[in-house]
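Right, one structure below, let's go through it.
Laboratory data are not the source of any read-out in this text; all were calculated from the coordinates shown. Not measured: the values here are computed from a predicted model. Cβ sites come from the backbone with ideal geometry, for glycine too, and all protein chains shown count toward neighbours.
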């Protein structure tokens, strides 16, 4: 094992791995903290955020999300915190919707999915200074067309929207 980069939020290392077929390979492991993704929704709308992402130098539609990097914070507490910070909302109910891996070919990141119901405005927490975000209200009936057209292209967002809305179709 060789550590390339090590911070409290992210570790990158290489490891020699013996595969189930007996072959040995060196793999790159990108290991961020686990994260939460939250879909604020009501009977008619989902509430996404339009956020500037410097890595792709573009704005992108996505669900509020963030790392679980606060000591002792539960998944639900992290979901409530990110909902308040990014979507400027609080929820009466946070419903777990399982998890997905973001990119298991090289990354260990596990994204915990939540649906937020019983929404109301919240200004309790400030956004991070590097977050350039605006809220976007989308009709539930328009979501899958926006995914098909590529207007929604963020993988975690597509996963959570599908997990929550596909049962309705």
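Determine, from the Cβ-Cβ distance of residue 57 and residue 107 and an R0 of 25 Å, the FRET efficiency 1/(1 + (r/R0)^6), rounded to the nearest 0.05. Write out the running numbers ahead of the final one.
Numbers: r = 21 Å, r/R0 = 0.85.
Once rounded, the FRET efficiency stands at 0.75.
For a protection proxy built on the mean count of beta-carbon atoms within 10 angstrom, sort 25-37, 6-18 highest first, please. Mind dumping the intermediate values first?
Details: 25-37: 16.6, 6-18: 11.9.
Peptide ranking by packing, descending: 25-37, 6-18.
Per residue, how much space in cubic angstrom lies within the convex hull of the C-alpha atoms of the stretch 1-55? Don't jump to the answer; show the numbers that get you there.
Details: hull volume 8.9 nm³, N = 55.
Value for the stretch 1-55: 163 Å³ per residue.
Give me the distance in nm between label points sitting 7 Å out from Cα along the Cα-to-Cβ direction at residue 2 and residue 131, one decimal.
Rounded to a tenth, the inter-label distance reads 3.7 nm.
Out of every Cα-Cα pair in the chain, what percent are more than 22 Å apart?
Of the Cα pairs, 47 percent sit more than 22 Å apart.
Hey, what did the chain get for relative contact order, percent, Cα under 8 Å, at least 6 apart?
Values: 340 pairs, mean separation 41.1, N = 169.
Here the relative contact order equals 24 percent.
Relative to the longest principal axis of the chain, what angle (0 to 90°, nearest 10) does the C-alpha long axis of helix 155-165 take?
Roughly 50 degrees, rounded to the nearest 10.
Is any residue of the stretch 24-49 close enough, with backbone N under 14 Å, to a label point placed 7 angstrom from the Cα of residue 92 along the Cα-Cβ axis, and if so, which?
Only 41-43 fall inside the zone, counting backbone N under 14 Å.
Considering only 40, 121, 96, give the residue with the highest GNM mean-square fluctuation for the chain, with springs between Cα atoms whenever their separation is below 10 Å.
Among 40, 121, 96, the largest mean-square fluctuation in the Gaussian network model of the chain belongs to 121.
Along Cα→Cβ, 7 Å out, is where each label goes; now give me the distance between the ones at residue 149 and residue 23 in nm to one decimal.
Result for the modelled spin labels: 4.3 nm.
Just to be sure I follow: if Rg is taken over the C-alpha atoms of the stretch 46-119 and Rh is the Kirkwood radius over the same atoms, what is Rg/Rh?
Values: Rg = 13.1 Å, Rh = 13.5 Å.
Here the Rg-to-Rh quotient is 0.97.
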